[in-house]
Amino acid sequence: MKKKVDFFIVGAPKCGTTALVDYLNQLDDVFVPEVKEPHFHCVDWPEFRRIKTEREYAKIYESARNEVCGDASVWYLFSKEACKEIRRYNSQAKIIIMIRKPYDAAVSLHSQLIFSGRENELDFVKAWDLQPLRAAGERLPRNAIVGEHLQYKKVYDYPDQIKRYQDLFDEDQIKVIVFEDFVSNTDKIFKEVCAFLGVDIKNKILYEKVNSNRYHKYPALAHFIMRPPAPFSWIKEGVKRYLFGNKPILRPLYKMFSVKRSRPMIAEEERQRISRDFADVEQRTRKMVEKLPW
């Protein structure tokens, strides 16, 4: 790759980033690598970074030519260091921030972390109530990797996270997308994103739903493959790194052995209780984002 990454979709998790990447990759003038979430700039969580060196980072973009190149790593928004690393890497980069009603996003993240084996409490309400203990380092799942990712309220404390980018990048370098708007008027929002990135839409875009809620048919086997214990983990990483160049070769396997399933219902009183905990976040976010539909 002769030039640096041009834009970053920094998150938040479960706010439509996968769909946006899928639509952008239908354009001839945009390149987002198969390693969708390298998290290279999350230096505060070294154990979580999928790509750890500048050489590896450049390698996943080596097949790009003159396209606008992007990095879609959803934990860049929550990370306290990623914004500074991105600024240091490319001060002219464009930043796309995607946000969603915090309660809905937290419920969706909880399901995703169960699927990936990083959350062992299957009941969202119980997982929510475990946050104080987990913040103290207790009751953390063995495969959590980053305990902070289980702090569901902090993950969706948008104002502080958005401000970190506003402090480092000019206003015209940042675009905030609200998930609910993206879902209800996908074509309009996508065209706005393309204009923001300076790319043309030369073909019809297929706006298909992606990343629907899934559960493993055989969770123990899936989680073993995802997070194998040493020395199996070293073997897995070695095979991926040296034979497949860190490409997501196991993703089709996970999909094959999983099924779409609706999330369990949450009692209305619990939903209201947790939603009230997000009231301050929503109010502060509303002051930063015009016409917020929450």
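Just a yes or no: is a residue in the range 28-50 open to solvent by 50 Å² or more (accessible area, probe 1.4 Å), closer than 26 Å to residue 172 by Cβ and either among the aliphatic types (A, V, I, L, M) or out of contact with any strand residue (DSSP E or B) (no Cβ under 9 Å at 6 or more places or on another chain) (or both)? Within the range 28-50 (the criterion being open to solvent by 50 Å² or more (accessible area, probe 1.4 Å), closer than 26 Å to residue 172 by Cβ and either among the aliphatic types (A, V, I, L, M) or out of contact with any strand residue (DSSP E or B) (no Cβ under 9 Å at 6 or more places or on another chain) (or both)), the answer is yes, since at least one residue qualifies.
Scanning the range 185-212 for residues that are in a helix (DSSP H, G or I) and either surrounded by 16 or more Cβ atoms within 10 Å (Cβ to Cβ) or touching a residue at least 40 places away in the same chain (Cβ under 8 Å) (or both) yields 186, 189, 190, 193, 194, 196, 197.
Rundown of residues vs (1) of a type in the set (A, V, I, L, M); (2) in contact with a His (Cβ under 9 Å, 6 or more places away or on another chain), yes/no style:
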residue: 42; (1), (2): no, no
residue: 47; (1), (2): no, no
residue: 51; (1), (2): yes, yes
residue: 61; (1), (2): no, no
residue: 72; (1), (2): yes, no
residue: 81; (1), (2): no, yes
residue: 89; (1), (2): no, yes
residue: 112; (1), (2): no, no
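Residues being at pLDDT 95 or above and surrounded by fewer than 15 Cβ atoms within 10 Å (Cβ to Cβ): count how many of those fall in the range 238-269. Residues that pass the stated criteria total 3.
The values are calculated or read from the model by the stated rules, or taken from the named source; none is laboratory data. Computed from a predicted model, the values in this text were never measured in an experiment. Cβ sites come from the backbone with ideal geometry, for glycine too, and all protein chains shown count toward neighbours. Accessible surface is based on the protein model in full, side chains and every heavy atom, while ligands, DNA and RNA are left aside. Shrake-Rupley method; radii C 1.70, N 1.55, O 1.52, S 1.80 Å.
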